[in-house]
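**Q** Before I ask anything, let me first share the structure, which is written out below as structure tokens.
Here, each number is a calculation from the coordinates, and none is a lab measurement. Everything quoted here is computed from the prediction, not taken from an experiment. Here the Cβ is made from the backbone with ideal geometry for all residues, glycine too, and neighbour counts use every protein chain on show.
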């Protein structure tokens with residue numbers, strides 16, 4: 001078990017939007033007694049305004065300089081910082097129907113309950129279902145691109161000392177936690 005935990009000392013959790021990265025990463029960080037670095041929470045300021053790119057990069061650099069962490073997110077502008085530091089990368093590679101179902105369910109729940117997200121932001125029915133900035137539209141338009149990008153990363157394995165772990169179904173991810 002210690003070997004597995006050592007391998008997961010600095011872990012990146014990736015996947016398409018709404019696949020469950022943050023939930024998985026938070027649970028993994030708690031299991032490993034590690035720092036959870038949620039990139040969305042760093043990136044988004046009040047009013048859904050993005051943080052200045054340089055500030056975002058500097059904050060991510062600082063947080064990933066620790067000895068143990070689990071991060072989640074798909075931010076291209078910090079990928080070159082995080083990837084070389086990581087010891088493992090976990091890809092939640094679920095199907096579009098599964099991810100889109102999760103996106104709809106999560107969005108309806110968050111819109112209904114007015115659950116506060118990063119920097120006090122929240123999802124609304126209007127923005128989620130009737131806007132070009134819809135998270136649901138984003139899931140549909142970015143899904144295949146993310147799958148290609150991460151498929152290439154996992155095929156090429158540019159960091160030979162990194163552990164590459166892929167889950168194609170939530171039950172496989174759940175089984176993984178039982179090994180920890």
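**Q** Sort 156-163, 28-35, 69-76 by the packing proxy (mean of other Cβ within 10 Å over each peptide's residues), most packed first. Working shown, then result.
**A** Working: 156-163: 11.2, 28-35: 16.2, 69-76: 21.0.
The densest-packed peptide leads the list: 69-76, 28-35, 156-163.
**Q** Contour minus end-to-end for residue 175 and residue 3, with contour as 0.36 nm per residue of separation and end-to-end as the Cα-Cα distance?
**A** On the way: separation 172, 0.36 × 172 = 61.92 nm, distance 1.75 nm.
Extra length from residue 175 to residue 3 when fully extended: 60.2 nm.
**Q** Moving on to the next point. First check a/c for the range 1-54, with a ≥ b ≥ c the square roots of the eigenvalues of its C-alpha gyration tensor; if it is under 1.5, answer rounded, and if not, answer prolate when a/b is larger than b/c or oblate otherwise.
**A** Prolate, because a/c is 1.5 or more and a/b exceeds b/c.
**Q** How many percent of DSSP beta bridges within the chain run antiparallel, rounded to 5? Mind dumping the intermediate values first?
**A** Working: 2 of 20 bridges.
Roughly 10 percent of the DSSP beta bridges within the chain come out antiparallel.
**Q** When the helices in the chain are scored as -39500 (n - 2.57) per DSSP H run of 4 or longer and the sum is shared across all residues, what 222 nm value do you end up with, to the nearest 500 deg cm²/dmol? Walk me through the intermediate numbers first.
**A** Working: 9 runs with 99 residues, N = 180.
Helix-only estimate at 222 nm: -16500 deg cm²/dmol.
**Q** Pairs of alpha-carbon atoms within less than 8 angstrom and 6+ residues apart define the contacts here; what relative contact order does the range 89-180 have, in percent?
**A** Working: 64 pairs, mean separation 41.5, N = 92.
Computed value for the range 89-180: 45 percent relative contact order.
**Q** With an 8 Å Cα cut-off and a minimum separation of 6 or more residues, compute the relative contact order for the chain in percent.
**A** Relative CO of the chain lands at 32 percent.
**Q** Sort 53-62, 36-45 for me by packing, meaning the mean count of neighbouring Cβ atoms within 10 Å per residue, highest on top.
**A** On the way: 53-62: 14.0, 36-45: 18.7.
In descending order of packing, they fall as 36-45, 53-62.
**Q** Kindly provide the pair-distance distribution of the chain built from C-alpha pairs, with 10 Å bins from 0 and whole-percent values in order of increasing distance.
**A** 9, 36, 38, 15, 1
**Q** Which angle between 0 and 90 degrees, to the nearest 10, do you get for helix 135-156 versus the longest principal axis of the chain when only C-alpha atoms count?
**A** 20 degrees
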